[in-house]
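What follows is a set of notes on a single structure, which appears directly below.
The values are calculated or read from the model by the stated rules, or taken from the named source; none is laboratory data. For clarity, every value in this text was computed on a predicted model and none was experimentally measured. When we count neighbours, we look across all protein chains shown, and the Cβ atoms used for this are built from the backbone with ideal geometry, even at glycine.
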Amino acid sequence: MRYLMLLSGTSPESPPPPALFEAIMKLGGEASEAGVLLDTAGLLPSAAGARVTLAGGKVTVTDGPFTESKELVSYALYDLRSKEEAIEWAARFVKLHRDIWPGWEGQTDILQVMGPANGG
Amino acid sequence: MDSHEATRSAIEAVWRIESPRLIAGLARITGDVGVAEELAQDALVIALEQWPVRGVPDGPGAWLMATAKHRAIDLVRRRARYDQKLREIGRDMEAQAQAPGEPDVDKMDDHIGDDLLRLIFIACHPILSTEARAALTLRLIGGLTTHEIARAFLAGEPAIAQRIVRAKRALAEAKVPFEIPAPGELAGRLGSVLEVIYLVFNEGYSATSGEDWIRPELCAEALRLGRLLAGLMPRQVEVHGLVALMELQASRIGARTGPAGEPVLLTDQDRRRWDRLLIRRGLAALARAERLDGAPGRYAVQAEIAACHARAASVEDTDWERIAALYVVLAHLTPSPVVELNRAVAVGMAFGPGKGLEIADALTGEAVLAGYAQLPAVRGDLLARLGRLGEARAEFTRAAALTGNERERALFRARAAECGPGDPDRADR
């Protein structure tokens with residue numbers, strides 16, 4: 001089963017320590033080697049993006065940044081056997097932020113992707 | 001889900017992620033895969049007792065590893081004391097020479113990659129039957145329960161449990177060393193590993209029995225095993241070849257069945273339903289295989305064939321001539337009537353059904369294909385395209401009688417019906 005993980009958060013004043021990228025690469029490497037991480041990438045701040053909205057029959061385009069308090073930081077696509085496995089990988093990812101970048105707060109939303117097993 | 005059940009599910013998830021590494025590390029210490037698995041299971045049992053009460057530890061993987069290490073130390077110490085006693089009562093003077101030292105457990109997780117690879121080679125050891133290798137691999141590397149393996153192979157749980165126990169005993173009795181095979185035997189041993197992974201994949205991809213045409217979760221399991229192996233053996237052409245083949249074949253899973261679960265053949269598939277991510281991953285794996293030194297083997301060549309389909313926007317756009325040529329290469333690597341039958345299909349597409357039929361007709365005397373539903377199915381298709389509908393109908397009817405898969409039977413019957421009404425006396429020829 002495929003799970004999309006969307007990490008969002010609010011960065012503290014301090015820049016991310018280099019050790020964070022090291023740790024992210026290491027954990028991502030482990031997940032890739034275990035054959036479960038299919039795809040992942042970081043996302044630029046929403047200032048670099050835009051939003052296309054349909055409301056009341058009208059299509060409007062708004063440039064970023066979006067006004068949400070948390071910015072989307074990265075996405076990852078996993079191939080796993082259960083939601084619990086997805087939770088475990090997401091928890092590892094979030095704990096690594098806690099341990100290395102004090103002050104960072106955020107969340108990972110786990111969404112199951114439709115596939116042959118569930119009518120997709 | 002109540003909190004206990006949630007904790008239990010969380011433990012099972014951690015177990016699945018960690019158990020291959022645990023068992024691999026423990027097997028290096030104890031030298032016995034069966035003992036290693038028992039020790040790892042002990043750690044799991046302790047977790048199942050403690051975590052629902054005390055909460056899941058912050059680093060559950062490390063906790064399991066530490067607990068398993070303690071069990072290993074206890075075991076080795078017990079064995080040492082036992083040997084000591086033997087020496088003290090003077091019954092076995094030779095035991096002294098073999099007395100084990102204190103295990104260096106702190107180094108247990110320094111060699112996880114190597115240990116995992118050793119574990120894979122042991123689980124797929126050629127002294128075991130292919131079925132035993134597959135069951136043991138799913139158990140030790142895939143972290144599947146006996147119940148899940150039994151479901152995967154549509155077998156009874158006791159039969160699978162016994163298969164695994166016997167396999168572990170056979171490995172212990174043969175004193176199979178916990179080692180990566182020497183360079184001289186590596187190719188053969190690797191072939192045994194790849195065979196097992198592809199068997200698991202195919203069991204899911206075209207279930208040979210039962211009502212489901214595809215069991216995607218089994219394909220996913222084989223894919224994870226293949227990707228794991230590719231990470232551990234990045235210089236082996238055929239490992240990347242097999243991963244490429246499986247990614248590319250799996251990319252078609254969503255298009256291979258219709259709304260009612262009926263099979264849809266490659267030529268009839270809606271290619272918009274092919275999984276672009278898996279195609280991209282498959283083509284990337286194939287490119288990795290091509291960049292390495294070493295001739296492509298059976299898996300890389302089959303992946304090349306699958307890539308021809310993946311790159312084509314339609315059946316008409318497919319480079320059938322290249323596929324036909326690749327089947328010649330494949331037939332050279334692994335001569336078999338089944339490969340020849342596939343070549344007949346490709347030649348039929350590249351150079352016309354008459355040319356394909358010549359190859360297929362030459363196979364009708366092959367004993368190995370006597371009960372093989374695909375032979376009459378392919379002949380039926382080629383005959384139908386030549387307008388020889390009566391003969392085509394008879395072939396499809398025969399294919400329907402031969403297949404053990406219900407979904408496939410319905411497909412062949414439908415194709416027979418498409419050939420128009422026939423002489424009822426000849427229907428079951």
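Rundown of residues vs (1) within 13 Å of another protein chain (Cβ to nearest Cβ); (2) touching a helix residue (DSSP H, G or I) at 6+ places or on another chain (Cβ under 8 Å); (3) in contact (Cβ under 8 Å) with a residue 60 or more places away in the chain, yes/no style:
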residue	(1), (2), (3)
B:VAL176	no, yes, no
B:VAL196	no, yes, yes
B:ARG215	yes, yes, yes
B:GLY258	yes, no, no
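For segment B:122-177, what are the residues that are over 12 Å from the mean Cα position of the chain (by Cα) and of a type in the set (Lys, Arg)?
B:ARG139, B:ARG151, B:ARG163, B:ARG166, B:LYS168, B:ARG169, B:LYS175
Does segment B:375-412 hold any residues that are surrounded by 20 or more Cβ atoms within 10 Å (Cβ to Cβ), within 31 Å of the chain's Cα centre (by Cα) and over 21 Å from B:ALA260 (Cβ atoms), and which are they?
B:LEU375, B:PRO376, B:VAL378, B:ARG379, B:GLY380, B:ASP381, B:ARG398, listed by residue number.
Answer yes or no: is there a residue in segment B:287-298 that is within 14 Å of another protein chain (Cβ to nearest Cβ), part of a helix (DSSP H, G or I) and at pLDDT 90 or above.
Scanning segment B:287-298, I find at least one residue that is within 14 Å of another protein chain (Cβ to nearest Cβ), part of a helix (DSSP H, G or I) and at pLDDT 90 or above, so the answer is yes.
For segment A:1-106, list the strands (runs of 3 or more DSSP E) that sit wholly inside it and hold at least 2 residues that are more than 14 Å from chain B (Cβ to nearest Cβ), among the β-branched types (Val, Ile, Thr) and exposed (fewer than 12 other Cβ atoms within 10 Å of the Cβ); which are they?
Ranges flagged: A:50-55, A:58-63.
For the condition out of contact with any helix residue (DSSP H, G or I) (no Cβ under 8 Å at 6 or more places or on another chain), at pLDDT 85 or above and either in the same structural domain as B:ALA172 (by TED's automatic domain parsing) or not small (Gly, Ala, Ser) (or both), what is the one hit in B:VAL53, B:VAL33?
B:VAL53
What helices (runs of 4 or more DSSP H) lie completely within segment B:117-187 and have 2 or more residues being surrounded by 19 or more Cβ atoms within 10 Å (Cβ to Cβ) and of a type in the set (Lys, Arg)?
Answer list for segment B:117-187: B:130-140, B:157-173.
Do we have B:THR364 as over 24 Å from B:PRO263 (Cα atoms) and polar (S, T, N, Q) here?
Yes.
Quick one: B:PRO57 ticks every box in (1) outside any helix (DSSP H, G or I); (2) under 26 Å from B:LEU117 (Cα atoms) bar one, so which box is it?
(2)
Scan segment B:232-242 for residues that are more than 11 Å from every other protein chain (Cβ to nearest Cβ) and out of contact with any Phe, Trp or Tyr (no Cβ under 6 Å at 6 or more places or on another chain) and report the count.
Selection size over segment B:232-242: 6.
Regarding segment B:223-231, can at least one residue be identified that is surrounded by fewer than 20 Cβ atoms within 10 Å (Cβ to Cβ) and away from chain A (no Cβ under 14 Å)?
No - not one qualifying residue is present in segment B:223-231.
Could you grab me the full set of residues in segment B:331-374 that are within 27 Å of the chain's Cα centre (by Cα) and of a type in the set (Val, Ile, Thr)?
B:THR334, B:VAL338, B:VAL339, B:VAL345, B:VAL368
So B:VAL14 passes all but one of these: (1) of a type in the set (A, V, I, L, M, F, W, C); (2) within 26 Å of the chain's Cα centre (by Cα); (3) over 19 Å from B:ALA170 (Cα atoms); (4) more than 10 Å from every other protein chain (Cβ to nearest Cβ). Which condition number does it fail?
(4)
Please specify each residue of segment B:265-278 satisfying the condition of being away from every other protein chain (no Cβ under 12 Å) and either in a loop (DSSP other than H, G, I, E, B) or free of Cβ contacts under 8 Å to residues at least 40 places away in the same chain (or both).
Within segment B:265-278, B:LEU265, B:ASP268, B:GLN269, B:ASP270, B:ARG272 meet the criteria.
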